[in-house]
1. Using only the Cα atoms, work out Rg/Rh for the stretch 371-506, with Rh taken as the Kirkwood radius, to two decimals.
2. Arrange the residues Asp333, Asp261 by how much accessible surface each exposes, largest first, with a 1.4 angstrom probe.
3. Which one of Phe447, Ala491, Ala459 is farthest out on the positive end of the charge dipole of the stretch 431-506, using unit charges on Cβ (Lys, Arg +1; Asp, Glu -1) and the Cα centre as origin?
4. List the pair-distance distribution P(r) of the stretch 46-115, using every Cα-Cα distance, as the percent of pairs falling in each 5 Å bin from 0 up to the bin containing the longest distance, rounded to whole percents.
5. In the full protein assembly as shown, how much of Lys285 is accessible to a 1.4 Å probe, in Å² to the nearest 10?
6. To the nearest 20 Debye, how big is the dipole of the chain about its Cα centre, given +1 on the beta carbon of each Lys and Arg and -1 on that of each Asp and Glu?
7. If packing is taken as the mean number of other Cβ atoms within 10 Å per residue, what is the order of 192-199, 295-302, highest first?
8. Just to confirm the number: angle between the C-alpha axis of helix 418-428 and the first principal axis of the chain, 0 to 90 degrees, nearest 10?
Amino acid sequence: MTQTPDSTKKYILAIDQGTTGTTAVIFDQQGKAVAKGYEEIPQHYPKPAWVEHDPGDIMASVKRSISSALEQGSVNAKHVAAIGITNQRETIVGWDPTTGKSRHRAIVWQCRRTSEYTEKLKKNKKLAQKIFKTTGLVLDPYFSSSKIAWLIKNKFITNNDIVGTIDSYLVWHLTGGQKHVTDVSNASRTQLMSLKTLEWDKEMLKIFKIPRQILPEICPSSGVLGHTKGFAPLPDGIPISGLIGDQQSALFGQGAFAQGDAKCTFGTGSFILMNIGDKIKFSGKKLLTTVAWQLEGQKPVYAFEGGAFVCGAAVQFLRDQLKFIKSAKDVEDWAKKANPESWVQCVPAYSGLGAPYWNPDARAAFLGMSRGDGIAELCYATLEGMALQNADIITAMESDAKFRLKSLNVDGGAASNDLLLQMQADVLGTKVLRPAWIESTSRGAAFLAGYGAGLWSIADIKGIIAGEMTEFASHKNKKWRTQRLGGWEQAVKSVQLYSKSRAGLK
């Protein structure tokens, strides 16, 4: 990346296995990225709304991305002192523990094949509430439980097989089949683990008809979970000491260690997590409760989670469908030219409204346009709409958590947009912090691995993060904010009323 590695140093390898590809990043002991490798993976869509990955493609991408990072950074793999893994959550794969081969492609978190099944369960409101109070999750095909049930029902998994989220699959292969484990953050996304006991819940397993013996052992997110064995291009014996789901990893990577700390990842959609401490809280505003992480020998840390389906994708719409801009970076330049007196409001509900509305039928709209408005005003409104929908989610979090947001840490591609972050600070009325390294997911995995291997303390990690943040402070007063949020509320009501009227015409 920006420095020449020293062969006498120890390095931490972070493997970030995501939905579209795998990233391997090598960090030095100062927490600086030395090199990065990336390999895309093919997406498979066998039927409408079905999404799959070939497990063989996933493993090949992991090996190639690691090799690429080692080569790029001129790092000898023998100097890798610890490995951290973070992964796309909820995606499920089953495999034969004697051969390591899967009988079916991995079912990706986006896949909706179990919609009918989960809708049937949801009709039993008492059951749905029990599942929510046990796991913190709502009944939806998004989560792993119904995916595993589908694989079992269709005989792609037998009692002699094993199953797990992608972290489990990677650890099993990295350790030569020695370890079948997952961490509490990933387990909390399966809808099968009790938030209270941090163990597979007998009643959840009974509801989804899943045998306990096929599932991995649940472990803390940090601590030595196994060692590499027979996994080229890495030598044997490297400790795997960090394991965490991607969104929780970004929270840890941002140093959000205190109750009330939060992060927003600006990706295709936006993912917001707030640290709510070591006590379980449940949302009355349709937010999820999840395990953020657990350090070895310590209590778990919990988080509220909410997200908007469309964030950066709203800018892509301006580029790809409307042809207003040539690249995503152009949106900021155009938005800066907007008339400050313009009334244009964008509700970027291109794929429906997420938390706290959960209206999949809502659709996007630009409201309040006049003849004097043009590309600049629509670009400005799009960025502001992205910030306003995040403010909705955070307001719901504050209400449920019973405390105010201290600050909002941001990462992801769109976090490089200064105007967007200023808008976010203004509508929240609190400071927004952007780290120098905006790929917080891989950094969180590295921090956990370094901590688990004894290379860093929490104080060390805080020291690495401190001093590298760019701060965006709110420039607006409470009256402005109240008026702006009030206008947004009316705009959201308008698109929901429209979607309801359209549904009546079908």
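1. The Rg/Rh ratio comes out at 1.08.
2. Output order, biggest surface exposure first: Asp333, Asp261.
3. Ala491
4. Spelled out per bin, shortest first, that is 3, 13, 18, 19, 16, 13, 10, 4, 3, 0.
5. 80 Å²
6. With Lys and Arg at +1 and Asp and Glu at -1, about 1720 debye.
7. By packing density, highest mean first, the sequence is 192-199, 295-302.
8. Helix 418-428 sits at roughly 80 degrees to that axis.
The values are calculated or read from the model by the stated rules, or taken from the named source; none is laboratory data. Given the structure is predicted, the values throughout are model-derived calculations rather than measurements. All Cβ positions, glycine included, derive from the backbone under ideal geometry; neighbour counts span all protein chains shown. The area values use the complete protein model at the heavy-atom level, side chains included, leaving out ligands, DNA and RNA. Shrake-Rupley method; radii C 1.70, N 1.55, O 1.52, S 1.80 Å.
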